[in-house]
Ligand code: NAD
Ligand code: MG
Ligand code: MG
Ligand code: MG
Ligand code: MG
Ligand code: MG
């Protein structure tokens with residue numbers, strides 16, 4: 001894998017260009033502030049009265065109507081929520097996407113699954129930080145950066161990669177390292193990771209462990225601490241030093257139980273199901289389901305959210321977290 005650093009990137013590919021950041025949420029605020037601090041010309045496109053309008057003003061931007069901002073820009077970065085991007089694209093971006101501009105994303109879903117189809121005479125690229133926006137901003141202010149992925153879907157100007165790499169440098173990404181990927185790889189692995197491991201896998205594992213202890217007659221509060229609360233300690237160790245560092249840090253008893261029992265929980269059957277989930281992602285079936293779910297006003301998501309909120313682990317957890325005021329943001 002090729003990794004790009006500061007010396008590989010040249011900000012001059014974006015000098016004398018206007019960069020429009022659409023959206024001022026987690027990623028939007030961090031990109032806008034970092035690019036501006038890197039000496040580039042940044043404008044912010046936002047709805048008047050939207051939730052982050054005042055925040056952008058407080059940070060010294062004069063937010064423009066999204067269509068007006070796109071008209072003025074040479075580079076347009078889409079940092080509104082993914083399910084809203086197609087609508088903003090049609091209304092504000094497309095009418096102002098003249099030849100030679102660059103349309104950018106921080107996630108590949110809408111391009112890869114054809115929800116946004118840009119004209120052939122613009123560059124289409126991705127710079128996706130591997131961390132939330134507040135970390136992208138905080139690390140930049142420290143003089144460091146968060147690693148990013150970079151991808152080119154369409155190179156109309158012959159400079160798409162250099163322009164995107166300059167953008168990555170502007171937000172601090174090349175200080176840490178920028179890894180090359182494709183829209184397809186980023187989109188499919190992102191969906192797989194959140195469905196099978198990070199979000200879907202972990203929450204299902206927590207609930208199954210909690211339910212097993214409670215059904216066996218143990219107190220739900222104790223089950224919550226063991227199967228949910230303590231997860232953070234383990235994840236922090238893995239985050240810092242990988243699986244081996246976590247195992248070094250836990251007791252030998254815990255490590256022996258981990259190595260001998262873990263594979264009995266996540267079995268070959270689980271992996272077979274992961275492959276089926278991956279196939280649904282690759283074939284576009286998951287994307288179609290999620291797009292139609294949004295068109296129908298999210299009946300399944302709403303029902304599942306309601307059902308999950310009523311699970312015993314949520315009641316017990318709320319009670320216990322109230323005993324730990326330091327957890328509150
Ligand atoms: P967010 O929800 O934090 O912010 C969205 C912004 O869009 C807000 O400023 C909101 O006011 C604005 N917005 C919402 N609806 C709008 C509308 N109808 N018109 C105009 N503006 C509107 O979003 P985010 O998490 O920063 O995600 C932005 C992109 O970055 C997505 O493509 C996401 O996949 C990607 N991404 C996010 C993260 C992350 O950690 N949050 C990491 C990598 C990539
Ligand atoms: Mg992801
Ligand atoms: Mg995702
Ligand atoms: Mg324990
Ligand atoms: Mg040990
Ligand atoms: Mg123990």
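Annotations for the structure displayed:
- Fraction of beta bridges assigned by DSSP in the stretch 3-181 that are antiparallel (%, nearest 5): 30 percent
- Virtual paramagnetic centre 7 Å along Cα→Cβ of residue 212, amide N under 15 Å, in the stretch 248-262: 257-262
- The ranking of 188, 90, 180 by Cβ neighbour count inside 10 Å, starting from the fewest, reads 90, 180, 188.
- Residue of 196, 20, 70 that the Gaussian network model of the chain assigns the largest fluctuation, springs spanning Cα pairs under 10 Å: 196
- In degrees, nearest ten, helix 200-215 long axis to first principal axis of the chain (Cα): 20 degrees
- Over the Cα atoms of the chain, the radius of gyration divided by the Kirkwood radius equals 1.01; this is the Rg/Rh ratio.
- Footprinting exposure proxy ranking of 326, 290, fewest other C-beta atoms within 10 angstrom first, gives 326, 290.
- Overall dimensions of the stretch 94-152, expressed as equivalent-ellipsoid semi-axes from the Cα gyration tensor (√(5λ), whole Å, largest first), are 27, 13, 9.
- Rounded to 10°, Cα long-axis angle of helix 252-265 versus longest principal axis of the chain: 80 degrees
- Counting only alpha carbon atoms, the long axis of helix 299-309 and the longest principal axis of the chain meet at about 40°.
- Sum of -39500 (n - 2.57) over DSSP H runs of 4+, divided by residues of the chain (222 nm, nearest 500): -15000 deg cm²/dmol
- In plain terms, the residue of 305, 298 with the fewest other Cβ atoms within 10 Å comes first and the most crowded comes last, giving 305, 298.
- For the stretch 159-313: Kirkwood Rh in Å [reciprocal of mean 1/r, alpha carbons]: 19.2 Å
- The stretch 3-181 - convex hull of alpha carbons, volume per residue in Å³: 99 Å³
- The stretch 3-181 - percent relative contact order, Cα under 8 Å, separation 6 or more: 26 percent
- Spin-label zone in the stretch 89-133 - amide nitrogen under 17 Å from a point set 7 Å from the Cα of residue 202 along the C-beta vector: 130-133
No value in this document is a laboratory result; all are computed from the given coordinates. Predicted model, so just to flag it, every value in this text is computed and none were measured. Positions of Cβ are generated from backbone atoms using ideal geometry, with glycine treated the same way; all protein chains shown enter the neighbour counts.
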